[in-house]
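Peer 1: Structure provided below as structure tokens; questions to follow.
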């Protein structure tokens, strides 16, 4: 079916989230909706799914204007949503999760006709190559499969228009490729796909047409065949963006971080890191590449003192930190940008200024004896907000109400607010928009050039290759290879990430 | 303006919850007013009028019972005998006396809540604090003046702090859930007190009741109005100490590094650990301070308000404190206000019952409604048609931004 949104406007207190947005997608077309965080993508999607009502504007399906009072209306109109956070019941099996809310019934008591539901699930799964095990419990399925269950759920409700919100955010590169195959198959079968993302490569790869949103408005429409990443980035941000990381050659100095035969267990007591050894020198960036779940998280937690080490030794600047507490590690001049900033890096219900001093509150100038020096804290936080261009109404704003990019800037500003010898950055740009990614990378390179040793952990191949002076690849808990400079190509690193020797 | 909003903003829902509770309370008075309900058929106007009058009379009596009659107070102070003055201000002073233990226990609950530890054991810590003080006073009796009193207070605080430390330590080291351990330790505390009160050292001679020897002859927290020669007023410096502790707790939570650690751990324990704070240290510290505060309340009760230790020294102060901390949003000065409200309800209810025949239970009913409405802020906002405030997650604005 043909979907058309005409002059959609939605105003929230203080924010014009959608300002006369018009988009359209034909039957069987994959439309990319590209924009930074805050560009209005999610609001537009919520309007399309019946969660919000637009202040003005029309939704046309096959030329007929439709009004959605609630999500049920949107589903009836044939619109299926796959949210970034899955809406599945972990303890249900696939058939029940898919049929939930749209159960076919049988018998005089109207009991759930599981056999019929299962038959359709299997049919749809085969038709669109979804490879979904119908009887498996959701909680046992990997993330990529859960996402396919979500797609199946939409198809089960006879959706002709499928909206995918940041679908690749949770997927490995291989799973993403698989998803793109499915999207192409759906489009070939006549489904209209709206693909919402902020990743440039993805829209270029899978979409037939791209509409770019910026600050609540349509910034332009582009044809992926004739558009470059740079042009898209410019449309998204409104200025030229450096997609490459600008940095001079590394000038490695003394070894700062030294890991020898580190063995670490994960939460389930399985060995997650199997004897990793690595040196990181002052003035260089070592990037650890690897698919999520190959021991990187545990390795980082071990280094910063959050996880006990089974065996092996670790030193920072010659000081043994094998048994050190997080505070002791941090006192040696180690900055840590945690993997999950919302959970580990920030306290959402505390203010920007309180988050800014979260690991320096006990030192001068922020503490005086047992007392906090509130004035010094305000001064410091204001300086951090200024230096790192953190967009916040004030330093008394709760950190949780900032956008992802600005939250990460608070974390980075805090970590770099004290003298730093070693930076441990885990997924420093995950979920951030192009502008913020550029900024965070620039700041990290600055630290390198100032003489700090940097260890970056990332699952994004592109980031690893762009930022790293050396690339170490982790697979199955081991460092399976270290590639220097030119040798670190996409192909070479990708092969090692997949487990090839 | 902004500052005013920051301070008053959090008080909006509790204030409206109180108003709503009193309105619902008056409906309760109406539908249990059977005399007027029976007249409704024959004389509707008169029935409604006298029913409305009944409600006003009830709440008036409650106010007079809680705060006294302003005119009478003014007259008594200007030219009354000490006895007349005492009679006039007694309602107000009794309200403050009733609020005192609630302030201490409310602060105790709040400081634990702020660290995300649910100290349900404030009741036990309060009782043991009182017990420790009683024992301390009897041990130290006969020593020169401030020693018995100060020693008794310190003994009580240490006992209660230790009683708070145990569940804190168990949680930090073994993961034992503090809700379970503190509830169980409440029973243990009561039994310790009963056991102690049976000993010859403590037991009042000739009494079969679990009450101690009279303590008020040994040493006493001084009465605030005693220097003015006004008789029979129980208000003592424990109330002043409670106010001071509210200020201290507020200072500790918001102006010190340790307080910062407790609050950080309370909001997000993982982030606190990542920032290098000791999670177990914060939990133990919060529980110990919480126990100590509760115990100080118990100590003031036994050394200032009542003449002797007994097994029912606390009339549920520790449990009311949980509701109170909720009403106050765990803000120290909010707790003072909430404790005054609860204290006023307690003392005002007596006069209401005597004058209007409406049972005291109405006040517990209102108290429960207040808590219920505070626990359901969305309900209060929709009754009074207020807009939801901005919170870090799930607001409309953030939805637009995400």
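Peer 1: Go through the residues of the range B:154-170 one by one and say whether even a single one is at pLDDT 95 or above and more than 21 Å from residue B:107 (Cα to Cα).
Peer 2: Within the range B:154-170, the subset at pLDDT 95 or above is B:154-170.
Checking the rest, the ones that are also more than 21 Å from residue B:107 (Cα to Cα) come to B:170.
Yes, the conditions are met somewhere in the range B:154-170.
Peer 1: Turning to a different aspect of this structure: Could you list all residues from the range A:41-83 that are farther than 23 Å from residue A:198 by Cβ and assigned to a loop (DSSP other than H, G, I, E, B)?
Peer 2: Scanning the range A:41-83 gives A:50, A:53, A:55, A:62, A:63, A:67, A:68, A:69, A:70, A:77, A:78.
Peer 1: Now, a different point. Looking at residue B:243, is it at pLDDT 95 or above, closer than 30 Å to residue B:89 by Cβ, away from every other protein chain (no Cβ under 14 Å) and in contact with a strand residue (DSSP E or B) (Cβ under 9 Å, 6 or more places away or on another chain)?
Peer 2: no
Peer 1: On to the next question. Within the group B:56, B:18, which residue is under 30 Å from the mean Cα position of the chain (by Cα), in a helix (DSSP H, G or I) and over 26 Å from residue B:317 (Cα atoms)?
Peer 2: Residue meeting the stated conditions: B:56.
Peer 1: For the list (1) surrounded by fewer than 19 Cβ atoms within 10 Å (Cβ to Cβ); (2) at pLDDT 95 or above; (3) within 13 Å of chain A (Cβ to nearest Cβ); (4) in contact with a helix residue (DSSP H, G or I) (Cβ under 7 Å, 6 or more places away or on another chain), I need the number of the one condition that residue B:269 fails.
Peer 2: (2)
Peer 1: Sort out which residues of the range A:350-373 are within 7 Å of chain B (Cβ to nearest Cβ) and in a loop (DSSP other than H, G, I, E, B), and write them in order of number.
Peer 2: Within the range A:350-373, A:350, A:358, A:359, A:361, A:362, A:370 qualify.
Peer 1: Check residue B:301 against each of (1) at pLDDT below 95; (2) within 13 Å of the chain's Cα centre (by Cα); (3) surrounded by 22 or more Cβ atoms within 10 Å (Cβ to Cβ) and name the one condition it does not meet.
Peer 2: Here residue B:301 clears every test but (1).
Peer 1: For the range A:26-68, give me the residue count where each residue is under 28 Å from residue A:229 (Cβ atoms) and touching a helix residue (DSSP H, G or I) at 6+ places or on another chain (Cβ under 6 Å).
Peer 2: Looking only at that region, the number is 10.
Peer 1: Among the residues of the range A:402-432, which ones are surrounded by fewer than 21 Cβ atoms within 10 Å (Cβ to Cβ) and either outside any helix (DSSP H, G or I) or over 12 Å from the mean Cα position of the chain (by Cα) (or both)? Before the answer, list the steps.
Peer 2: Taking the range A:402-432 first, the residues surrounded by fewer than 21 Cβ atoms within 10 Å (Cβ to Cβ) are A:403-404, A:417-421, A:430-431.
Listed by number, the residues that qualify are A:403, A:417, A:418, A:419, A:420, A:421, A:430, A:431.
Peer 1: Would you mind finding the one in B:349, B:329, B:318 that is touching a residue at least 60 places away in the same chain (Cβ under 8 Å) and within 14 Å of chain A (Cβ to nearest Cβ)?
Peer 2: Numbers: B:349 fails: within 14 Å of chain A (Cβ to nearest Cβ); B:318 fails: within 14 Å of chain A (Cβ to nearest Cβ).
Just a single option satisfies the conditions, and that option is B:329.
Peer 1: With the structure loaded, tell me whether residue A:109 is more than 26 Å from residue A:161 (Cα to Cα) and either surrounded by fewer than 12 Cβ atoms within 10 Å (Cβ to Cβ) or touching a residue at least 40 places away in the same chain (Cβ under 8 Å) (or both) or whether it fails that test.
Peer 2: Taking the combined requirement at face value, the residue satisfies it.
Peer 1: What about residue A:86, is it in contact with a helix residue (DSSP H, G or I) (Cβ under 9 Å, 6 or more places away or on another chain), crowded, with 21+ Cβ neighbours inside 10 Å and either away from chain B (no Cβ under 14 Å) or part of a strand (DSSP E or B) (or both)?
Peer 2: no
Peer 1: From the list A:390, A:347, pick out the single residue that is more than 10 Å from every other protein chain (Cβ to nearest Cβ), part of a loop (DSSP other than H, G, I, E, B) and at negative phi.
Peer 2: A:390
Peer 1: Could you figure out which of (1) modelled with pLDDT under 95; (2) away from chain A (no Cβ under 14 Å); (3) surrounded by fewer than 23 Cβ atoms within 10 Å (Cβ to Cβ) isn't true of residue B:235?
Peer 2: Tallying (1) modelled with pLDDT under 95; (2) away from chain A (no Cβ under 14 Å); (3) surrounded by fewer than 23 Cβ atoms within 10 Å (Cβ to Cβ), residue B:235 fails exactly one: (3).
Peer 1: Right, next: Answer with yes or no whether residue B:46 is loosely packed, with under 15 Cβ neighbours inside 10 Å, at pLDDT below 85 and not in a helix (DSSP H, G or I).
Peer 2: Spelling it out, it is not the case that residue B:46 is loosely packed, with under 15 Cβ neighbours inside 10 Å, at pLDDT below 85 and not in a helix (DSSP H, G or I).
Peer 1: I've got another one for you. Please pick out the residue among A:366, A:361 that is over 28 Å from the mean Cα position of the chain (by Cα) and under 15 Å from residue B:273 (Cα atoms).
Peer 2: Only one candidate passes the filter, namely A:361.
Peer 1: Okay, moving on. Report the residue count in the range B:272-298 for those that are at the interface with chain A (Cβ under 8 Å from one of its Cβ atoms), surrounded by 24 or more Cβ atoms within 10 Å (Cβ to Cβ) and in a helix (DSSP H, G or I).
Peer 2: Residues flagged as at the interface with chain A (Cβ under 8 Å from one of its Cβ atoms), surrounded by 24 or more Cβ atoms within 10 Å (Cβ to Cβ) and in a helix (DSSP H, G or I) within the range B:272-298 amount to 2.
Peer 1: Okay, moving on. Being surrounded by fewer than 19 Cβ atoms within 10 Å (Cβ to Cβ) and part of a helix (DSSP H, G or I): is that true of residue B:100 here?
Peer 2: The answer is no for residue B:100.
Peer 1: I've got another one for you. Could you check the range A:286-341 and list, in sequence order, the residues that are under 28 Å from residue A:461 (Cα atoms), surrounded by fewer than 18 Cβ atoms within 10 Å (Cβ to Cβ) and within 11 Å of chain B (Cβ to nearest Cβ)?
Peer 2: Matches in the range A:286-341: A:340 only.
Peer 1: Within the range A:448-497, can you find the residues that are surrounded by fewer than 20 Cβ atoms within 10 Å (Cβ to Cβ), assigned to a loop (DSSP other than H, G, I, E, B) and free of Cβ contacts under 8 Å to residues at least 40 places away in the same chain?
Peer 2: A:450, A:460, A:489
Peer 1: What number of residues within the range A:89-106 satisfy the criterion of being surrounded by fewer than 17 Cβ atoms within 10 Å (Cβ to Cβ) and outside any loop (DSSP other than H, G, I, E, B)? Spell out how you get there, then give the answer.
Peer 2: From the range A:89-106, those surrounded by fewer than 17 Cβ atoms within 10 Å (Cβ to Cβ) are A:89-92, A:100-106; that's our starting set.
Then drop every residue that is not outside any loop (DSSP other than H, G, I, E, B), which leaves A:105-106.
Of the residues in the range A:89-106, 2 are surrounded by fewer than 17 Cβ atoms within 10 Å (Cβ to Cβ) and outside any loop (DSSP other than H, G, I, E, B).
Peer 1: A follow-up question, please. Which of the residues belonging to the range A:374-387 are within 10 Å of another protein chain (Cβ to nearest Cβ) and surrounded by fewer than 21 Cβ atoms within 10 Å (Cβ to Cβ)?
Peer 2: In the first step, residues of the range A:374-387 are kept if they are within 10 Å of another protein chain (Cβ to nearest Cβ); the result is A:374, A:377.
Once the filter is applied, which keeps residues that are within 10 Å of another protein chain (Cβ to nearest Cβ) and surrounded by fewer than 21 Cβ atoms within 10 Å (Cβ to Cβ), the range A:374-387 yields only A:374.
Peer 1: As an exercise: evaluate residue A:252 against (1) at pLDDT 90 or above; (2) under 30 Å from residue A:24 (Cα atoms); (3) surrounded by 15 or more Cβ atoms within 10 Å (Cβ to Cβ) and give the number of the one condition it does not meet.
Peer 2: Condition not satisfied by residue A:252: (2).
Peer 1: Another question, if that's okay. Return a yes/no flag: does the range A:209-226 have any residue that is in a helix (DSSP H, G or I) and closer than 24 Å to residue A:466 by Cβ.
Peer 2: We begin by selecting, within the range A:209-226, every residue in a helix (DSSP H, G or I); these are none.
No, the range A:209-226 contains no residue that is in a helix (DSSP H, G or I) and closer than 24 Å to residue A:466 by Cβ.
Peer 1: Go through the range B:138-153 and give me each residue that's out of contact with any helix residue (DSSP H, G or I) (no Cβ under 7 Å at 6 or more places or on another chain) and surrounded by fewer than 17 Cβ atoms within 10 Å (Cβ to Cβ).
Peer 2: The answer is B:139, B:142, B:143, B:144, B:145, B:146, B:150.
Peer 1: Now a separate question. Scan the range A:1-28 for residues that are without any contact (Cβ under 8 Å) to a residue 40 or more places away in the chain and more than 14 Å from every other protein chain (Cβ to nearest Cβ) and jot them down.
Peer 2: Within the range A:1-28, just A:24 meets the criteria.
Peer 1: For residue A:74, indicate whether it is without any contact (Cβ under 8 Å) to a residue 60 or more places away in the chain, under 18 Å from residue A:165 (Cβ atoms), more than 14 Å from chain B (Cβ to nearest Cβ) and surrounded by 22 or more Cβ atoms within 10 Å (Cβ to Cβ).
Peer 2: Yes, satisfied.
Peer 1: Taking residue B:325 as meeting all but one of (1) more than 17 Å from the chain's Cα centre (by Cα); (2) closer than 30 Å to residue A:343 by Cα; (3) assigned to a helix (DSSP H, G or I), write down the number of the exception.
Peer 2: (1)
The values are calculated or read from the model by the stated rules, or taken from the named source; none is laboratory data. If you're wondering where the values come from, they're calculated on a predicted model, not measured in any experiment. Don't worry about glycine lacking a Cβ; one is built from the backbone with ideal geometry, like all the others, and counts go over all protein chains shown.
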